[in-house]
1. Val42: net charge of surrounding residues, Cβ under 13 Å, Lys/Arg +1, Asp/Glu -1, itself excluded?
2. If you rank Met1, Met21 by how much accessible surface each has, with a 1.4 Å probe, what is the order from largest down?
Amino acid sequence: MISQVAKWGNSQGIRLEKRAMQSLGLCIGDTVEITKNGDDIVIKPTHGIDWYLQDYERFEKDEGWEHIEPTGREVW
């Protein structure tokens, strides 16, 4: 794919075709990391908040906080 750097407000941007976005697994709003490797520009997807929280213990929607005992001087 060949693209062109274009003016976007006070910034510049590079447009990616829909096919390129799909093949890269990117969606509008995703964040990417841009680095330089010699003469190459490398664009890699970064992990969103969901990836960082995937192993975080979550309560089910129907499960409340009633089963948790106070650990200090909390008033219930």
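The values are calculated or read from the model by the stated rules, or taken from the named source; none is laboratory data. The structure presented is a predicted model; accordingly, all values stated were derived computationally and were not measured. No Cβ is skipped: glycine too gets one built from the backbone with ideal geometry, and neighbour counts run over all protein chains shown. Just so you know, the surface numbers come from the protein's heavy atoms only, side chains and all, with ligands and any DNA or RNA stripped out. Shrake-Rupley method; radii C 1.70, N 1.55, O 1.52, S 1.80 Å.
1. On the way: positive: Lys36, Lys44; negative: Glu33, Asp39, Asp40.
It works out to a net charge of -1.
2. On the way: Met1 120, Met21 40 Å².
Descending accessible area places them as Met1, Met21.
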